[in-house]
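Below you'll find the structure, written out as structure tokens, and then a few comments.
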Amino acid sequence: MRYAEVSVNSPVAQRRAFSYTIPSGLSIDVGQAVWVPFGDKLLQGIVLELSRYPSVEETREIAGIIEPRPLLSPLQVLLARWISEYYLSPLFDAVALMLPPGFERKTLTFICCSPTLPERDVSSLSQRQRDVLELVQRQGKVSLKELEKALGKKRAQTIVSQLVGQGLVVRSYELERVKVKPKKVPYLYLAVEASEARREATGLRKKGAIRQAALLEFLTQQSQPVPLAEARQRVSCDKAVADALVGKGLVELRQIEVKREPISDLDVAMSGPLILTAAQKSAFESIKSSLLQVAKDSASPAIFLLHGVTGSGKTEIYLQALAEAVRLGKRGIVLVPEIALTPQTIERFASRFPGKVAVLHSKLSLGEQFDEWQRIRSGEFDVVIGSRSAIFAPQPDLGLIVIDEEHEWTYKQDNSPRYHARDVAMKLAELTGAVVILGSATPDVETFYQAQQGNYRLLQLPERVTPSEGSALPQVKVVDLRQELKAGNRSIFSRSLSQATAKAVANREQVILFLNRRGAATFIQCRSCGFVLRCKRCNVPLSYHFTGDMLVCHQCNHRMAVPQICPRCLSRRIKFLGVGTQKLEQEASSTFSQARLLRWDSDATRGKHSHQEILAKFRAQEADILIGTQMIAKGLDLPLVTLVGVINADTGLNLPDFRAGERAFQLLSQVAGRAGRGVLGGRVIIQTYSPEHYAIQAATKQDYALFYDKEIAYRRQLHNPPFARLASLVYSHTNDVLCQREAERMRRLLITERDSKGIADLSLIGPAPAFIHRLRGRFRWQLILRGFELSAFLSQIPIPPGWTVDIDPVGLA
Ligand code: ADP
Ligand code: ZN
Ligand code: ZN
């Protein structure tokens, strides 16, 4: 093999690889990271293929090896190629998904003496040139950056070019060092004797400094210094309390270096497998037999859909299936949504596979990610658990892939490559022969359809495990908001919800008030009858645009003025834009003045630990009512919550997206599943203007089949996925008119292509303003393609810069 096809780390390289000659004496493997000349630069590249013949006539030589060991396995190379082809992403973007964190680094340029320094007279050189040459000769190697600092950028580059041109010096390149800093964590130390600290604590308590006293007492009870975060959680106080003790000289705060091991701060006790229930057993046996058959090479691996409500014991099946795979000499990858990657989840896995679980998620520091990547590759872990990108972990001997909450939209990446982790997992499983388990209480309609078609094997867990008494499914009540207004109630709380909330608070129970903010304020609704204006042509809800006070259809660009009265009930309260979290908080605090409120939404939860801090507060009963957006619908176990109120279930339903019904059903089912997990049982009250909507009905009854049958019928009727595929093309430009014009040009081009190829089953929707019409000063127009093999079709079309292509989009562009 004399040639290598290399994916080059350059924005102009796009979807192709380049041929290079392998210099004699250099041994090169597939997946290896190399230096290659590209234009006048030296760039990073990954070898994708070795060949006897180059794909072009003239090739340049590979300049060197970055790392002796290949970074990608041959299967990962195939996976990267597939991602680039299917999602139409630059090849290196796809490759980069699998590289160790921090690999993509800047190159530094150095100037060295020429190895074959010509004997020559340097008197013809200028003074500056001579100075530089002497410096290089003295030091052997000088960084270009240093020269630029001393001489100015332009001048330094000119002088270097002249010296290189005369053969006096050469350039060489090195990778910038990875900036991996040791991690430090603040610890609290007692600065005085424990006996004195106890006396001081008593004094503080007398003065009313309860928290300070509690923290100090807590520290006196510990045999060793305690991490600040732990102390704060145990005593439930904030940092200011610790600072106050530091100020008094009673406590010291020291930064201690820790090994970067995300699991290490959990005290994990070992746990063994549980005895499975009958339903669990039958599901597990199917998975086990597929794993065995694959191991014996007697069948190809299966894809399982494990359908079961929250608490039905899916996780236990994942754990036992992983143990089975390990017994067969294999390893696993487990994907969970980022938000569900809590210490509780990790602990369950870590306790079953002590020391054998690697955790990957986006909030790890670069150093932590780098360490984990290296250890995974060397085969130290049986299980890798992480969010979306963990599917690219270099886990050897892959035998099982688990995707929990497979319906979650966060599995789709929203920048290039716009991959869906579930589809990537399917491809990876096909390449490696791994068995796949998709788990969900509310499977994606497309997934369930595949199971119905027999492409996936459906495993059902119809009931909660209910190990203790209580914790049956909660009661769900739907309140018709139209009736509330008729009865003269203008509050955002219906009579039922406000009574139930007051009662729960009085009983010292906890309440969650849930507001689906997504999509609020994008449509207008009649406050009296709940009517929402829809496009006459497309039947999607019209979106309200503040500029111009207009209603716009985001599919066909139909526009109309906002009517003054409701076309259905003639009310003048037609322009109602929904409720925000702030408004909800205000009304809640005036209506339930005795209750302590806590707010949880994405604005309130930036940062690494704040989710858990808010939760810890709520668990510790420091608040009675938790107000939050869709984030609280996920994976929480809050035993004291006896009531969940959904403020307006219609918000999700009225997004101009064909998946709005599905999304609303998923959210409402999750919310409904939240209450009643403790011994107290629970109630859910859903407020809505459309109590007859199938998504609300089905969520109320926790009836997936009811929802699925309706939804799949609509999908079939309207040729939406899974009955066709979609691709979204968005063009953005600072000028709205030019933006629209380019979108129309693209539409004509696509139609011409389609017709010349005689593709019958491809339709175009739009162009229309994208749902987010203006983003960071740029206007956006969207075209949607509906059909089959869209990647192959689009790969033949020249797509100019400014366009974004999204294959199998989810949500609204
Ligand atoms: P899911 O993943 O479907 O939400 P889990 O696996 O978390 O369900 O199970 C819910 C609860 O029931 C957990 O506390 C779990 O420990 C417990 N559990 C699961 N399976 C069993 C079993 N076979 N016997 C006893 N308890 C079980
Ligand atoms: Zn009305
Ligand atoms: Zn329309």
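Throughout, read-outs are computed from the coordinates displayed, never taken from laboratory work. All values derive from a computational prediction rather than experimental measurement. A quick note on method: Cβ atoms are made from the backbone with ideal geometry, for glycine too, and the neighbour counts reach across all protein chains shown.
A few points about this structure:
- Loop chymotrypsin sites (Phe, Trp or Tyr not before Pro), the stretch 714-813 (other Cβ atoms within 10 Å of the site Cβ: 12 or fewer; DSSP): F788
- Shown in residue order for the stretch 47-59 are the 3J(HN,Hα) couplings computed by the Karplus curve 6.51 cos²θ - 1.76 cosθ + 1.60 at θ = phi - 60°: 6, 9, 7, 10, 8, 7, 10, x, 8, 10, 6, 9, 10 Hz (x for Gly and Pro).
- Isotropically averaged projected area of the chain, using the convex hull of Cα atoms (one quarter of hull area), nm²: 44.2
- Cα-based reach from K248 at 22 Å (exclusive), listing lysines while leaving out same-chain residues under 8 positions away: K206, K207, K239
- Loop-located trypsin sites (Lys or Arg not before Pro) across the stretch 742-812 with a Cβ neighbour count of 12 or fewer within 10 Å are R776, with loop assigned by DSSP.
- At R0 = 35 Å, FRET efficiency that the Cβ-Cβ distance of A194 and A240 yields, to 0.05: 0.90
- Extended-chain gain in nm, criterion 0.36 nm per residue less alpha-carbon gap, K281 and E692: 144.2 nm
- Whether the stretch 1-103 is rounded, prolate or oblate, judged on the alpha carbon gyration tensor where a/c under 1.5 counts as rounded: rounded
- Contour minus Cα-Cα distance for Q452 and L26 (0.36 nm per residue): 148.1 nm
- Here the simple spin-label model places points 7 Å from the Cα toward Cβ, and for F658 and Q222 these points are separated by 5.6 nm.
- Qualifying lysines (Cα of each under 22 Å from Cα of K575; at least 8 residues distant if same chain): K486, K536, K583
- FRET efficiency, 1/(1 + (r/R0)^6) with R0 30 Å, evaluated for E753 and W409 via beta carbons: 0.45
- By other beta-carbon atoms within 10 Å, ranking C237, C526, C112 with the fewest at the front produces C112, C237, C526.
- Within the straight-line cut-off of under 18 Å between alpha carbons, the lysines reachable from K701 are K477, K710, sequence neighbours fewer than 8 places apart in one chain being disregarded.
- Taking amide H atoms as placed 1.01 Å from N in the peptide plane, the amide H of G802 has no partner under 5 Å among residues 5 or more positions away or on other chains.
- Among K206, K239, K710, sorting on how many other beta-carbon atoms sit within 10 Å of each Cβ, with the fewest leading, yields K206, K239, K710.
- Of K314/K617; K314/K412; K296/K427, pairs whose Cα-Cα distance is over 26 Å: K314/K617
- Each Lys and Arg adds +1 at its Cβ and each Asp and Glu adds -1 at its Cβ; summed about the Cα centre, the chain shows a dipole of about 2160 debye.
- As a calculated quantity, the FRET efficiency between Q157 and K486 at R0 = 51 Å, using C-beta atoms, amounts to about 0.05.
- Computing Rg and the Kirkwood Rh from the Cα coordinates of the stretch 333-425 gives a ratio, Rg/Rh, of 0.94.
- When shorter helices are ignored and each DSSP H run of at least 4 residues is given -39500 (n - 2.57), the per-residue value for the chain at 222 nm works out to -10500 deg cm²/dmol.
- Fully extended contour minus Cα-Cα distance, from Q582 to L718, at 0.36 nm per residue: 45.2 nm
- Ranked Y694, Y189, Y86, Y318, criterion: other C-beta atoms within 10 Å, fewest first: Y189, Y694, Y86, Y318
- For a 4.7 Å threshold on C-beta separation, the list of partnerless cysteines in the chain reads C112, C113, C237, C556, C739.
- With contacts taken as Cα pairs under 8 Å at a separation of at least 6 residues, the chain carries a relative contact order of 9 percent.
- The stretch 402-493 - convex hull of alpha carbons, volume per residue in Å³: 199
- For a label point 7 Å along the Cα-to-beta-carbon line of I65, residues of the stretch 16-37 with backbone N under 17 Å: 21-36
- 3J(HN,Hα) along the stretch 209-219: 7, 4, 5, 4, 4, 5, 5, 5, 4, 4, 5 Hz, from the Karplus curve 6.51 cos²θ - 1.76 cosθ + 1.60 with θ = phi - 60°, whole Hz, x for Gly and Pro.
- Overall form of the stretch 296-450 per C-alpha gyration tensor (a/c, 1.5; a/b vs b/c): rounded
- Global form of the stretch 661-773, assessed from the alpha-carbon gyration tensor, a/c cut-off 1.5: prolate
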